[in-house]
Amino acid sequence: MTDTFTKDIVDGLTAKNKHLPSKYFYDDNGSRIFQEIMNMPEYYPTNAEFEILSMQSKQIIEALKFSRPFNIVELGAGDGFKTFKLLEYLVNNEVDFHYVPIDISQEAIDILTRRLKEKLPALKIDPKVGDYFEILKDNRQSDYPSLLLFLGGNIGNYLEHKAKELLALFHKNMKRGDKLLIGFDLKKNPIIIHNAYYDKHGITKRFNLNLLVRINRTLDADFKIDDFDFYCHYNPITGDVKSYIVSLRKQTVHLKAIDKYIHFDYDELIWTELSKKYALEEIDDLAEHAKFKVEHNFLDCKHYFTDSLWQK
Ligand code: AVI
């Protein structure tokens, strides 16, 4: 029996138009490279969302209109850097709430919990490791209202039908009156977007090619990394940033663990990632389709990014 990783890789590399799922970028090394991306001055989403959460915590909490104790459930909490400002505001103002960070990585959750206990000793934290939806189902049983956080613009990495499926699942696992704060990267001057993804330091290139390194390690493959390059393109009409790995020559790669050969033509592409940018009207449509009501868009001062507050 083959595992999901192997199946996804083989399916993607044997398709007519080759593709690989971007969720596989994030092995330990990939997660470190992603941290480097977030630290690049050109990668504006991190700073934009940080600004929203540090400057508008008060407004966000007031907009919730939760009168009783409540839960903040963060999906894919990671290192919790952005959320810290929101949590700090709540703790400093003695608001009665529980923070429930969820991540698939035990290591990320351990680091986050340790840091938060150190910096905010009064925070009531109930960390969970595992599948979002299993944990969300439990949260439905809670007597208290919940604010779900899905930050960082991760929704942009989903194809439209997948984004709709994900939002429908959120909706199904929320109680009436619960809220969702969801980050969207917005359409803007195409040059700014281009520079954030086709970066001159080559960090995003390394991030993409690391996927081939991961396949070499996991499937005992012999990708020669120098024989591949990176290309990405922003389409300002659709809002799609599409990223690709490019084969620099005609070549064959052997996935020894499953004895499979993959042939590449000269200049053949592997599509690796979609990073969709939204217009505010598109966000309204998405919310409406998933039966949510948009309550407010919290924007950064440059209007590059929004944390959109939705109610079930
Ligand atoms: C995680 N995600 C929102 C990032 C994005 O902007 O699509 C991943 C990324 N890919 C290239 N740079 C950053």
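Just so you know, all these numbers are worked out from the coordinates, no wet-lab data involved. This one's a predicted model, so the numbers in the text were calculated from it and none came from an experiment. Every residue, glycine among them, receives a Cβ derived from its backbone with ideal geometry; neighbour counts consider all protein chains shown.
The GNM of the chain, with springs linking C-alpha atoms under 10 angstrom apart, assigns the highest mean-square fluctuation among E74, E42, E118 to E118. By the count of neighbouring beta-carbon atoms within 10 Å, fewest first, Y197, Y261 end up ordered Y261, Y197. Computed from point charges on the beta carbon alone (+1 for Lys and Arg, -1 for Asp and Glu), the dipole magnitude for the stretch 18-141 about its Cα centre is near 300 Debye. Among the listed pairs K188/K302; K117/K137; K172/K242, a Cα-Cα separation exceeding 20 Å is found for K117/K137; K172/K242. Which value in deg cm²/dmol, rounded to the nearest 500, describes the helix-derived mean residue ellipticity at 222 nm for the chain, given -39,500 (n - 2.57) per DSSP H run of n ≥ 4 and division by the residue count? The per-residue figure over the chain is -12000 deg cm²/dmol.
With θ taken as phi - 60° and the Karplus curve 6.51 cos²θ - 1.76 cosθ + 1.60 applied, the whole-hertz 3J(HN,Hα) list for the stretch 167-184 is 5, 5, 5, 4, 4, 4, 9, 10, 8, 4, x, 5, 10, 10, 10, 10, x, 10 Hz, x standing for glycine and proline. Note on K293: aspartates and glutamates with a C-alpha under 12 Å away, same-chain residues under 8 apart excluded, are D178, D284, D285. Rounded to the nearest whole Hz, the Karplus-based 3J(HN,Hα) values (6.51 cos²θ - 1.76 cosθ + 1.60, θ = phi - 60°) of the stretch 188-202 follow the sequence 7, 3, x, 5, 5, 5, 3, 5, 6, 9, 9, 6, 6, 7, x, with x at glycine and proline. Using a simple spin-label model with pseudo-atoms 7 Å out from Cα toward Cβ, K162 and E107 lie 2.3 nm apart.
For K58, the lysines whose Cα comes closer than 17 Å to its Cα, not counting residues fewer than 8 places off in the same chain, are K82, K85, K179.
What is the dipole size for the chain, taken about its Cα centre, with +1 at each Lys and Arg Cβ and -1 at each Asp and Glu Cβ, in debye to the nearest 20? Roughly 320 debye, rounded to the nearest 20.
Could you state the number of Å between the C-alpha centres of the stretch 209-250 and the stretch 100-166? Spelled out, the Cα-based centre of one part sits 30 Å from the other. Given I262, N235, S247, which one lies farthest toward the positive end of the charge dipole of the stretch 226-284, if we put +1 on the Cβ of every Lys and Arg and -1 on the Cβ of every Asp and Glu? It is I262. With the simple spin-label model, which puts each label point 7 Å out from Cα in the Cβ direction, the E282 to D3 separation comes to 3.4 nm. When Rg and the Kirkwood radius Rh are both evaluated on Cα atoms of the chain, their ratio Rg/Rh stands at 0.98.
For K276, the aspartates and glutamates whose Cα comes closer than 14 Å to its Cα, not counting residues fewer than 8 places off in the same chain, are E160, D185, D240. Rg/Rh for the stretch 273-312 (Cα atoms only, Rh after Kirkwood) is 0.99. With the simple model of a label 7 Å out from the Cα in the direction of the Cβ, V294 to S54 spans 2.7 nm. Ranked by how many other Cβ atoms sit within 10 Å of their own Cβ, fewest first, the residues M174, M40, M55 fall in the order M55, M40, M174.
Looking at the chain, the DSSP beta bridges with both ends there are about 65 percent antiparallel. If you run the Gaussian network model on the chain, springs between alpha carbon atoms under 10 Å, then out of D28, D300, D96 the most flexible one is D28. With a cap of 11 neighbouring Cβ atoms within 10 Å, and only residues DSSP puts in a loop, list the trypsin sites (Lys or Arg not before Pro) found in the stretch 136-188. Loop-located and lightly packed - R176.
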